[in-house]
Amino acid sequence: MTELNTTQSGIAWQKTVVSEHAQSDSVREELTPDDFWRPVAHKFVPPKKGESAPDDTVQMLAELITPEETVLDVGAGGGRIAIPLAEYSSHITAVEPSEGMREQLVGTAEAWEVQNLSVVASTWEEAQVEPHDLVVCAHVVYTVTAIESFIRKLSLSARKSVALISFARPATAIYLPLWSRVHGEKRIELPTLPQIESLLSEMGIEYRETLLEAWISCPFKNREQAFIECQARLFVSPDSEKSKVLNDLLGESLIEVEGGFRLKWAEPDRPRIISWDV
Ligand SMILES: C[S@@+](CC[C@H](N)C(=O)[O-])C[C@H]1O[C@@H](n2cnc3c(N)ncnc32)[C@H](O)[C@@H]1O
């Protein structure tokens with residue numbers, strides 16, 4: 001394996017991400033769609049303009065800037081953070097490689113009548129952007145292999161500070177019980193908060209942490225949607241034997257909640273802002 005990272009934590013991180021991807025490939029029945037994020041992009045948008053925020057993420061990030069300052073949102077998704085944060089800054093640049101996510105981002109920015117947001121269609125590794133005052137990167141690093149250069153580029157692109165947002169447990173943790181029952185093996189978990197903490201320490205970055213309010217992803221709209229999303233997350237093709245196993249499992253695992261259905265073991269997580277000054 002080519003070592004892209006040099007610290008012990010960085011090397012261990014890379015090993016975990018590579019093994020997780022290899023495990024996905026080994027069970028994969030479906031060809032990977034061109035745009036992994038398109039089917040779930042609608043989940044990464046802010047609420048309608050004027051509706052109250054679902055948690056305190058935007059409010060806490062807004063405290064890190066003044067209205068004259070600029071923000072760079074790396075892996076902005078559908079604009080869940082960038083769009084409401086635009087109101088608190090002079091300009092926001094959203095870097096986002098997924099076309100499905102960008103479509104949600106642009107459509108929602110229009111609906112919110114946000115004028116001070118620009119979009120860069122690129123991965124962070126390839127993006128060419130000028131430094132901004134605050135660099136935000138929420139729930140992106142988990143699948144990044146060359147994590148040290150990714151983090152260094154965040155720091156180099158910030159004039160004032162960097163704010164990484166991470167869950168304590170991987171966002172995909174809700175699929176773990178399904179994974180072992182469908183594939184008959186334990187799913188490798190991607191790096192998350194503890195690994196970020198040790199990596200930053202080894203990289204000599206002095207960070208602080210702010211605990212955010214509990215967050216839980218939107219429910220599946222209906223049982224069919226749950227089946228489709230879980231098939232995609234478990235790389236199971238619709239007509240296979242494993243798909244039948246998954247369908248039976250979902251029959252006993254989905255519970256009805258406000259707005260749709262959830263897996264009965266899904267619990268809210270309290271993400272953190274991990275920030276540092278440059
Ligand atoms: C879980 S979503 C989070 C979206 C948004 N930051 C939020 O918190 O709602 C992860 C996003 O990171 C983007 N992403 C993944 N790898 C990336 C990379 N190497 N560079 C930039 N963005 C990336 C994906 O396209 C996706 O939109």
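The values are calculated or read from the model by the stated rules, or taken from the named source; none is laboratory data. These numbers were taken from a predicted model, which means no experiment stands behind them. Quick reminder, even Gly has a Cβ in these numbers, built from the backbone with ideal geometry, and neighbours come from all protein chains shown. Accessible surface is based on the protein model in full, side chains and every heavy atom, while ligands, DNA and RNA are left aside. Shrake-Rupley method; radii C 1.70, N 1.55, O 1.52, S 1.80 Å.
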Accessible solvent surface per residue of the chain, calculated while the other protein chains remain in place, 1.4 angstrom probe, Å²
50 Å²
Given the pairs 186/244; 186/242; 48/221; 49/160; 242/264, which are separated by over 25 angstrom at their Cα positions?
49/160
Quick one: pull the percent of accessible area on the chain belonging to carbon and sulfur, 1.4 Å probe, ligands and nucleic acids left out.
51 percent
Cα atoms only: what Rg and Dmax, in Å, come out for region 60-204?
16.4, 54
Taking N as its residue count, the alpha carbon Rg of region 127-265 over 2.2 N^0.38 Å
1.30
Once phi is turned into ³J(HN,Hα) by the Karplus curve 6.51 cos²θ - 1.76 cosθ + 1.60 with θ = phi - 60°, what whole-Hz value does each residue of region 98-112 show in order, with x for glycine and proline?
7, 5, x, 5, 4, 4, 5, 4, 5, x, 6, 4, 5, 4, 7
Using just the helices of the chain, give the 222 nm mean residue ellipticity in deg cm²/dmol: DSSP H runs with n ≥ 4 each add -39,500 (n - 2.57), and the total is spread over all residues, rounded to 500.
-10500 deg cm²/dmol
Heads up, the chain by the C-alpha gyration tensor (a ≥ b ≥ c square roots of eigenvalues; a/c under 1.5 rounded, else a/b over b/c prolate, else oblate) looks oblate
Once you have the Cα-Cα distance between residue 48 and residue 185, take 0.36 nm times their residue separation minus that, and quote the gain in nm to one decimal.
45.2 nm
Rounded to 0.05, the calculated FRET efficiency for the beta carbons of residue 59 and residue 128 at R₀ = 35 Å is 0.70
Taking Rh as the Kirkwood radius computed over C-alpha pairs, what is the Stokes-Einstein D of region 1-120 at 37 °C in a medium of viscosity 0.692 mPa s, expressed in µm² per second?
200 µm²/s
With 15 Å as the cut-off, how large is the P(r) tail for region 127-206, expressed as percent of Cα-Cα pairs?
63 percent
